[in-house]
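Working notes, beginning with the structure itself.
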Amino acid sequence: MRHGKAPILVAALLLTLLSQTALGLKVVTYNILNFPGTTGSAREDDFIKVCDELEADIIVVQEMLSQTGTDQFLDDILNYTVPGTYAAGPFVNGYDTDNALFYRTATVDYISHQEISTALRNISEYVLRPVGYSSSDAELTIYSLHLKAGSTSTDQTKRLAEATILRNHMNNHDPDAHFMVAGDLNIRGSSESAYQKFVGSEANNNGRVKDPINRPGYWHDSYTFRDIHTQSPRTTQFGGGATGGMDDRFDQVLISYPLDDGDGLSYVSGSHVAYGNDGGHLNQAINYGTNYAVGSVIADALHEASDHIPVYADFQVPAKLDCASSLAFGEVIIGAVSEQILSVGNSAVSPADDLDYSFSAPSGFEAPAGGFSEPSGGSSGHSISMNTSSAGAQAGDLTVSSNDVDLPAASVALSGTVLNHAAPSLAAADILLVNTLDFGTHHAGDFDQMGISIHNFEYDSLQALLEIYDAEIVGGGGVFSIVGGFSAQEVGSTPADYRLVFDDASAPTGVVYEAVLTFSTRDLPGIVGGVMQDDLTIHLSACPLSGTSVPSGPTCFALAPGRPNPFTDATVLQLSLPTATKTRVLVFDISGRLVRTLVSEILTAGDHAVPWDGRDDHDELVASGIYLIRADAGEWRQSRKTVLLR
């Protein structure tokens, strides 16, 4: 029967508890004094107050009387404030009072249960595991027990017999197993043989446990141990149970050695607490005067609920690796720095073990050397790099080795492609950066459009796309233009084509029109390591005629670009003269120094081939570089740039 439960208060508690996140695992052992018995309903409110404050993940109780009592404790106490929070393990009704298990379903998975028989009461084995884990290394085995009461030698002998049965059973564990003994041991001091059976060293120590608070001595009625006593919170008799005030350490949590090594599932040092004991109530009721541990409300509830107070301990959960399953480097230009950040985190909820990890990179990739550590909730970024020394597809699995019990070796798929630079060219068969486009000599109306193709030389799947991103025509007085205007293009295996037109309608006749068309190119933007590529230069020329007759020779002075250009052995320029005239053709280096005089004489009207073999006036080979070839005829002058490659 509940008393004084205001709906508003219940709603407020519900909102508060829903907003809280469980941290690690809190394990509680609690002797609940013959529950339900005749006073179970009357004690419900007190148990609710205590259990709501404890916020346990796992609760093992002793002196449970029946399945009905188990259901009542689950539904009317643990799940009263927030329905559905807890579930119960299987209950076995033995020939005396029994154990029961309750666990918070949001944080704990139930695995198995078995009963261990003794001459007195059964010992219950429960195997559980934190939610989110699957490995047996994350399993926790709890032995809930209630040893024989009494202080006579016969009582001690019976306790030893019970302890021996359990120790022999626990010796079957693997050496690294995580387990604990939790319950009402009814032991008055650490020298008692039953206690030593649990904690003592034997031939087989797989089942050995330790006292996490390490407070050996005679605990009963001792001022020295007043802060760890668990019975009795009462000094007056009511509803059964023991009296006498706080003077015995009967309720204990003992843990296996692997459960106290700080790795994975492990005891949180200093978290063992006799709940409600402030160390100031030796031989007094726990609610006498001021209780500095829990306050008056909880102290009263502990006093009314049972003749024992609960004991709890916190346990960190194993580390949990959190990292991406793949890392894509995309396309990267050869020689560029290619790095991606891999974030590695520990997603385990605090308190949790630190995540210890290291990397092993596949061929073609590099990862930081050494070991790293992340606390629960922490994460760090690590630079993973791809080798870009040669073009090709790179792929492999990066191994992240860690102490994650579920995933000790995680694979991160790495992939990327290293590309060669784009290679702009005005020719398909070779790299040609400079060319000539001569519209010829025609009457107005007879000039045709001319085409230009721009190639990405020797393009394949391991080469960056070429972007033609700008074009500019300098010179010519605006008579040359790109048909439809310039538009950027991306070039792979198919060349980009542009059409050019000469505006002969507005061009005076008898004049050679020249201009330079420059296309600006680059590796396709967005590719790591992409750079600006060479400009492509086209020298444009056209000569409109007057009248309607077609002349037999040149009508305009003109010097056509050398072919080939660039050249290695020799290049030939075409010189067009409409009349015989004194003509000079001179070669200058980039500094303006005269290198070679190719022509210095009167030439007849017509077309003349002017070769240059890359030598100076002393017949010595000149160095590779850019050279300017200039033609002078009367007042007419024109220059062409050529590139010599040795």
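The values are calculated or read from the model by the stated rules, or taken from the named source; none is laboratory data. Predicted model, so just to flag it, every value in this text is computed and none were measured. Backbone-built Cβ (ideal geometry, glycine too); neighbour counts: all protein chains shown. Please note that ligands, DNA and RNA were not included when accessible areas were found on the heavy atoms of the full protein model with its side chains. Shrake-Rupley method; radii C 1.70, N 1.55, O 1.52, S 1.80 Å.
With an 8 Å Cα cut-off and a minimum separation of 6 or more residues, compute the relative contact order for the range 390-530 in percent.
Values: 259 pairs, mean separation 33.1, N = 141.
RCO, the range 390-530: 23 percent.
Quickly work out the ASP356-to-MET532 label distance, labels modelled 7 Å from Cα along the C-beta direction, and quote it in nm with one decimal.
A separation of 5.4 nm, rounded to one decimal place.
Not counting the cut sites, what is the longest span of the chain without chymotrypsin sites (Phe, Trp or Tyr not before Pro) that DSSP labels loop and that have at most 13 other Cβ atoms within 10 Å? Show your work: numbers first, answer last.
Values: sites that count: TYR95, TYR223, PHE238, TYR292.
The reported range is 293-646.
What 222 nm value per residue comes from the helices of the chain, counting each DSSP H run with n ≥ 4 as -39,500 (n - 2.57) and dividing by all residues, nearest 500 deg cm²/dmol?
Working: 6 runs with 69 residues, N = 646.
My calculation for the chain gives -3500 deg cm²/dmol from helical runs alone.
Can you give the charge dipole size of the range 300-371 about its Cα centre, rounded to the nearest 20 debye, using +1 on the beta carbon of Lys and Arg and -1 on the beta carbon of Asp and Glu? Can you show the working numbers first?
Details: 1 positive and 11 negative charges, 88 e Å.
With only Lys, Arg, Asp and Glu charged at Cβ, the dipole is about 420 debye.
With charges set only on the Cβ (+1 for Lys and Arg, -1 for Asp and Glu), what does the dipole of the chain come to about its Cα centre, in debye to the nearest 20?
Values: 34 positive and 78 negative charges, 102 e Å.
It comes to approximately 480 debye.
With both partners inside the range 243-359, how many of the DSSP beta bridges are antiparallel, as a percent to the nearest 5? Could the numbers behind the result be given before it?
Working: 6 of 8 bridges.
Among the beta bridges of the range 243-359, antiparallel pairing accounts for roughly 75 percent.
Extension gain THR68-THR236, at 0.36 nm per residue separation less the Cα-Cα distance, in nm? Please report the intermediate quantities before stating the final value.
On the way: separation 168, 0.36 × 168 = 60.48 nm, distance 2.85 nm.
Extending this stretch completely gives an extra 57.6 nm.
Provide Rg and Dmax in Å for the range 537-646, with only Cα atoms included in the calculation.
Looking at the range 537-646, its Cα Rg and Dmax stand at 14.6, 49 Å.
Given R₀ = 60 Å, what would the calculated FRET efficiency be for GLU202 paired with ALA42, taking r from the Cβ atoms and rounding to 0.05?
Numbers: r = 46 Å, r/R0 = 0.76.
FRET efficiency, GLU202 to ALA42: 0.85.
Projecting each Cα onto the charge dipole of the chain (Lys/Arg +1, Asp/Glu -1 at the beta carbon, about the Cα centre), which of LEU342, THR85, THR29 comes out farthest on the positive side?
With unit charges placed on the Cβ atoms, the residue in question is THR29.
For each pair in LYS158/LYS210; LYS49/LYS197; LYS197/LYS320; LYS49/LYS320; LYS26/LYS210; LYS582/LYS641, compute the distance between the two Cα atoms and list the pairs where it is over 27 Å. Mind dumping the intermediate values first?
Numbers: LYS158/LYS210 21 Å; LYS49/LYS197 36 Å; LYS197/LYS320 36 Å; LYS49/LYS320 34 Å; LYS26/LYS210 18 Å; LYS582/LYS641 22 Å.
Check vs 27 Å cut-off fails for LYS49/LYS197; LYS197/LYS320; LYS49/LYS320.
Leaving ligands, DNA and RNA out of it, report the carbon-plus-sulfur percent of the accessible area of the chain at a 1.4 Å probe. Present the calculation step by step, with values, prior to reporting the outcome.
Numbers: 13860 of 27710 Å².
Reported share for carbon and sulfur atoms: 50 percent.
Per 10 Å bin from zero, what fraction in whole % of the C-alpha pairs of the range 157-214 is there, up to the bin with the longest pair?
Reading upward from the zero bin: 23, 59, 18, 0.
Pairs of alpha-carbon atoms within less than 8 angstrom and 6+ residues apart define the contacts here; what relative contact order does the range 123-204 have, in percent? Could the numbers behind the result be given before it?
Details: 100 pairs, mean separation 27.4, N = 82.
Reported as a whole number, the value is 33 percent.
Sorted by accessible area with a 1.4 angstrom probe, largest first, how do MET532, MET170, MET450 fall? If you can, show how the numbers build up before the last one.
Details: MET532 110, MET170 0, MET450 55 Å².
In descending accessible area the options line up as MET532, MET450, MET170.
Can you give the Rg to Rh ratio for the chain, taking only C-alpha atoms and Rh from Kirkwood?
Working: Rg = 46.5 Å, Rh = 32.8 Å.
Rounded to two decimals, Rg over Rh is 1.42.
At a threshold of 8 angstrom on Cα-Cα distance, excluding pairs fewer than six apart, so keeping six or more, what relative contact order does the chain reach in percent?
On the way: 1642 pairs, mean separation 51.5, N = 646.
Here the relative contact order equals 8 percent.
Which order, highest average first, do 55-62, 319-326 follow once you tally other Cβ atoms within 10 Å for each residue and take the mean per peptide? Write down the numbers at each step before the final one.
Numbers: 55-62: 25.1, 319-326: 17.9.
Packing order, densest peptide first, comes out as 55-62, 319-326.
So what is Rg over Rh here for the range 494-571, counting just Cα atoms and using Kirkwood for Rh?
Details: Rg = 18.2 Å, Rh = 16.3 Å.
In the range 494-571, Rg relative to Rh is 1.12.
Just to be sure I understand the model, the point goes 7 Å from the Cα along the line to the Cβ. What's the resulting SER325 to SER461 distance in nm?
In this crude label model, SER325 to SER461 measures out at 2.5 nm.
Counting only heavy atoms of the protein chains, get the accessible area per residue of the chain (1.4 Å probe) and round it to a whole Å² value. Could the numbers behind the result be given before it?
Numbers: 27710 Å² over 646 residues.
So the chain comes to 43 Å² accessible per residue, rounded to a whole number.
Starting from the Cα-Cα distance between SER153 and SER624, subtract it from 0.36 nm times their residue separation and give me the gain in nm to one decimal. It would help to have the intermediate numbers written out before the result.
Values: separation 471, 0.36 × 471 = 169.56 nm, distance 10.95 nm.
Full-extension gain reported as 158.6 nm.
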